[in-house]
């Protein structure tokens with residue numbers, strides 16, 4: 001299905017604003033970044049995918065766009081996160097650059113690299129492939145020597161800019177330098193700059209007793225302070241767009257001061273931006289959440305949501321809107337909403353009006369993982385095969401958690417499921433299985449009783465007689481019921497014949513099948529279990 005883009009999305013609005021404010025360019029640079037000082041959680045991912053959506057919008061408009069993601073791995077290791085192993089070892093490296101802190105898991109060359117790898121490995125799964133920049137590497141290679149010197153030359157002006165939004169109590173006191181230094185001897189930042197010679201040499205001493213001069217053209221440990229470093233890199237990388245969280249976008253925050261530094265000191269117009277809001281978490285993404293200090297990362301999100309739906313969660317919400325990602329029963333509703341958007345986009349379901357169609361179609365386009373030529377949005381060649389998530393969860397439980405059995409039964413029952421659709425179908429199966437086993441409330445879970453299981457002890461004689469009728473007059477003829485309605489009518493006739501209220505028959509049926517008072521809608525449930533399995537379970541009644 002060829003995509004004909006409507007450009008009605010907030011990402012399209014932002015892309016148009018970038019072109020309007022930055023003018024026609026051969027290429028637009030869009031940026032994001034974070035300090036890998038701990039688990040990169042789903043709130044951080046909101047910035048990453050927001051940039052990706054804008055980049056795709058630019059490319060859909062026929063523009064070239066570069067997506068850079070900066071790892072600020074030359075920041076100071078200030079605190080040991082509660083969810084990290086080997087806490088005592090990590091404490092020995094406090095005040096080191098995080099790129100020099102060892103990986104407590106022993107997997108990667110550093111603590112910073114461990115957190116970076118976790119993100120770099122999972123982003124391609126959701127179709128995001130930025131160009132990664134490593135600030136420790138850049139600083140230690142003295143790439144920013146000229147820019148650091150420029151900051152030192154303008155340090156009086158920088159002090160005025162940083163104080164501009166501060167009250168008297170919080171203005172910079174005494175001598176101030178726009179640089180910090182990691183000590184050559186002990187690697188910590190417990191240093192104090194003493195002097196600058198007006199050229200390339202900075203003198204400093206450290207709490208460890210070390211005192212020396214650092215040549216900016218060769219020194220590995222000199223870096224700009226955060227509120228100067230960020231705007232310096234806007235100029236260095238010629239950034240046209242970068243969003244930021246509501247904390248950075250507060251009045252007088254780092255984006256305000258950075259914009260002044262960028263324009264007044266480095267002579268580069270600050271990037272187009274927008275503020276993105278926080279994300280809440282509802283429910284628990286399985287057992288892993290307890291060990292991660294309630295921090296949910298993208299990998300955990302993808303255990304419950306397929307990659308397209310993970311993108312849909314963000315593509316379907318404006319960035320400045322706070323929203324909640326659910327792992328409880330709301331997961332079913334989110335899958336239903338996505339499926340409706342998909343049906344509208346493919347023209348299978350009629351939208352309320354043209355505006356709704358264009359909006360839903362664009363959200364669906366931007367939710368796709370795979371892109372076409374030039375990184376433009378691209379719809380699948382074939383409409384995916386979808387089983388409603390609630391029903392799929394029931395089918396997987398009927399199969400005892402066996403995805404292969406679930407898939408085999410569906411392929412046997414529905415020949416419209418073709419080989420090309422299987423990867424997406426199996427991905428949804430895996431999410432359904434994980435959600436049922438690790439996240440779903442207890443009342444949603446069930447396990448079919450075994451073959452020839454005796455009837456539950458709590459059933460009355462009338463209820464047991466009704467279950468016998470259900471077996472002989474419904475289960476044994478299950479192949480004759482072509483839809484849930486006809487099956488439900490047969491069930492109610494059994495209740496009348498047994499002189500039971502329908503509610504009592506349902507409870508007896510659920511107790512006999514799964515040992516609970518309630519379960520999935522009975523008619524559809526019986527049809528999903530199938531004649532052979534039903535007769536095995538009910539044989540002992």
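Values quoted throughout were computed directly from the atomic coordinates according to the rules given, and no laboratory measurement underlies them. Because the structure is predicted, anything quoted here is derived from the model rather than measured. Cβ placement follows ideal geometry from the backbone for every residue including glycine, while neighbour counts extend to all protein chains displayed.
Tabulated data
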read-out	value
Sequence of 314, 132 once ranked by neighbouring C-beta atoms within 10 Å, starting from the fewest	132, 314
Centroid-to-centroid separation of segment 187-246 and segment 51-66 [C-alpha atoms, Å]	33 Å
Exposure proxy ranking, count of Cβ atoms within 10 Å, fewest first, for 273, 370	370, 273
On Cα atoms only, tilt of 484-498 relative to the major axis of the chain in degrees	50 degrees
Segment 389-444, relative contact order in percent, only Cα pairs under 8 angstrom and at least six apart counted	45 percent
Euclidean distance of C-alpha centroids, segment 332-355 and segment 360-439, integer Å	16 Å
Value in Å of the Kirkwood radius, where segment 333-471 supplies the Cα pairs that are averaged	18.1 Å
Highest to lowest packing among 110-116, 511-517, scored as the average C-beta count within 10 Å	110-116, 511-517
Relative contact order [Cα under 8 Å, 6+ residues apart], segment 461-538, whole percent	41 percent
Principal-axis tilt of helix 403-413 within the chain, Cα atoms, nearest 10 degrees	50 degrees
Order by protection proxy (mean Cβ within 10 Å, highest first), peptides 54-60, 498-504	54-60, 498-504
Among 464-475, 448-459, the order from most to least packed when residues are scored by Cβ within 10 Å on average	464-475, 448-459
The chain - mean residue ellipticity at 222 nm from DSSP helices (-39,500 (n - 2.57) per run, n ≥ 4, rounded to 500)	-13000 deg cm²/dmol
Cα extents of segment 461-538 along the three principal axes, largest first (Å)	28, 23, 19
Contour excess over end-to-end distance, with Cα ends at residue 157 and residue 236 and 0.36 nm allotted per residue	26.5 nm
Principal-axis tilt of helix 226-237 within the chain, Cα atoms, nearest 10 degrees	90 degrees
Rel. contact order, % - alpha carbon contacts under 8 angstrom, at least six apart, the chain	13 percent
Alpha-carbon Debye profile of segment 389-444, log10 I(q)/I(0) at 0.13, 0.22, 0.28, 0.29 Å⁻¹	-0.30, -0.80, -1.19, -1.25
